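Asks: Have a look at the structure that comes next, please.
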Amino acid sequence: MIKTILFDLGNVVIPFDFKIAYARLAEHCGCQVEEIPGRIRATGLVAPFERGEIAAEAFVREFSNALDLRISYQQFCDWWSCVFLPETLLPEALLADLAGRYRLLALSNTNSIHFSMLEGAYPLLRHFDDFVLSYRVGAAKPEAKIYQAAIARAECNAEECFFVDDLAVNVEAARRHGMDAVQFISAGQLGEEMSARGIRSGVDVD
C-alpha cells in the first residue's frame, strides 16, 4: 500500500524552459544563443551549487566573472529564475487532494536561488509536507544519498513510496532503492499510473 507520494518539481509539477534564460544571457554576454549552454557547462559551477557546496553569493560572483556579466545580484537571480513557466503541469486541486490522503514530499535537484523563487511564485507548494532538496541534502539525483534522505523523511518503508520524475535515470535509481517509481509524461498518464496502484484521488487529470 502506498503511504507517501514523492514528486520531482521541475517538469513534473512546474514546467521550465532553459532556452528563455539562454536568450537573455546571450544579450548580456554579446554572443550567440547557441554558445550559452557550453559556456555555462564550462564554468563547472552549476552541479556544486545544486549540491549546496557553493553559497548563492559566491556562485553568482564566480559565474558572473566567468561569463563577464555586469549585472547586480538581484538581476542575476531574476535571470536565473526566468526559466520557470507560470502554468503548472499538475493542477493544485490534485496536490491538495493527495495531501489529504497521503504524505506528500518533493524530491528535487535544485538550488537556493531557484527554490526561494518557487516558494514565492507557486502557492501550490504549500501542500507538500516536506522538501528533500539537493542543495540541502548535499547530494543530487541519481546519487544514493538523496534517495536515502527521502525514504527517511517519507516516514514509511521504501516499498510504500511512489515517486514521479521526468528523467528515466532518476526513476531507475529510485527503484534500486526499493521505491515504486514512474517517469512523468503527462498528467493523464500519471492519473493512470496512480489508479493502477490504488492511489485514490477525487480529482480527474487529463
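The numbers here are math on the coordinates, done by the rules we state, and not lab data. Note that the structure is a prediction, hence the values are computed from the model and not measured. Every residue, glycine among them, receives a Cβ derived from its backbone with ideal geometry; neighbour counts consider all protein chains shown.
Asks: Once you keep just the Cα pairs under 8 angstrom separated by 6 or more residues, what percentage relative contact order results for the chain? Write down the numbers at each step before the final one.
Replies: Working: 318 pairs, mean separation 57.2, N = 206.
The normalised contact order for the chain reaches 28 percent.
Asks: Over all Cα pairs of the stretch 18-80, how is the pair count split among 5 Å bins, expressed in % and running from 0 up to the last occupied bin?
Replies: Over the stretch 18-80, the share of Cα pairs per 5 Å bin runs 3, 18, 31, 29, 15, 3, 0 percent.
Asks: Taking every eigenvalue of the Cα gyration tensor of the stretch 98-186, multiplying by 5 and rooting it, what semi-axes result, largest first, whole Å? Each step should come with its number before you reach the end.
Replies: Numbers: eigenvalues 77, 50, 34 Å².
In descending order the semi-axes read 20, 16, 13 Å.
Asks: Let me ask you something else. Which FRET efficiency, nearest 0.05, do Glu57 and Leu85 yield, Cβ-Cβ r, R0 25 Å? Let's see the in-between values first.
Replies: Working: r = 27 Å, r/R0 = 1.08.
In this case the efficiency is close to 0.40.
Asks: Got the relative contact order for the stretch 18-80 handy, in percent, Cα pairs under 8 Å and 6 or more residues apart?
Replies: The normalised contact order for the stretch 18-80 reaches 34 percent.
Asks: Rg and Dmax in Å for the stretch 48-151, alpha carbons only: what are they?
Replies: Expressed in Å, the Cα Rg and Dmax of the stretch 48-151 come to 15.6, 50.
Asks: Give me the orientation-averaged projected area of the Cα convex hull of the stretch 1-117, in nm², one decimal. Display every interim value, and only then the final one.
Replies: Numbers: hull surface 33.6 nm².
Across all orientations, the stretch 1-117 yields a mean hull projection of 8.4 nm².
Asks: Given H placed 1.01 Å from N in the peptide plane, which residues other than close sequence neighbours of Ala181 have an amide H under 5 Å from its amide H?
Replies: Amide H neighbours of Ala181, under 5 Å, 5+ apart: Phe163.
Asks: Around Asn157, under 12 Å between beta carbons, what's the net of Lys plus Arg minus Asp minus Glu among the other residues? Before the final figure, lay out each step's value.
Replies: Numbers: positive: Lys3; negative: Glu155, Glu159, Glu160, Asp180.
That sum, taken over residues with Cβ under 12 Å, equals -3.
Asks: In whole Hz, with x marking every Gly and Pro, tabulate ³J(HN,Hα) for the stretch 21-29 from phi via Karplus 6.51 cos²θ - 1.76 cosθ + 1.60, θ = phi - 60°.
Replies: Values per residue, Gly and Pro as x: 5, 4, 5, 5, 5, 4, 5, 6, 8 Hz.
Asks: Taking Lys19 as the anchor, which lysines have their alpha carbon closer than 29 Å to its alpha carbon, excluding any fewer than eight residues away along the same chain?
Replies: Cα-Cα hits under 29 Å: Lys141.
Asks: Please sort by residue number the GluC sites (Glu not before Pro) in the stretch 1-85 whose DSSP state is loop and whose Cβ has at most 12 other Cβ atoms within 10 Å. Walk me through the numbers on the way to the answer.
Replies: Working: sites: Glu27, Glu34, Glu35, Glu50, Glu53, Glu57, Glu62; in loops: Glu53.
Of the GluC sites (Glu not before Pro), not one in the loops of the stretch 1-85 has a Cβ with at most 12 other Cβ atoms within 10 Å.
Asks: If you take every DSSP beta bridge fully contained in the chain, what fraction is antiparallel? Give it as a percent rounded to 5. Show your work: numbers first, answer last.
Replies: Values: 1 of 18 bridges.
Roughly 5 percent of the DSSP beta bridges within the chain come out antiparallel.
Asks: Looking at the chain, which longest stretch skips every one of the trypsin sites (Lys or Arg not before Pro) that is in a DSSP loop with at most 15 other Cβ atoms within 10 Å, leaving the sites themselves out?
Replies: Numbers: sites that count: Lys3, Arg70, Arg101, Arg197, Arg200.
Answer - 102-196.
Asks: Mind checking which lysines have their Cα closer than 17 Å to the Cα of Lys3? Skip sequence neighbours fewer than 8 apart in that chain.
Replies: Filter leaves no residues.
Asks: To continue, here is another question. Can you divide the C-alpha Rg of the chain by 2.2 N^0.38 Å and report the result to two decimal places? Provide the component values of the computation, followed by the final result.
Replies: On the way: Rg = 17.8 Å, N = 206, 2.2 N^0.38 = 16.7 Å.
In units of the 2.2 N^0.38 Å rule of thumb, it is 1.07.
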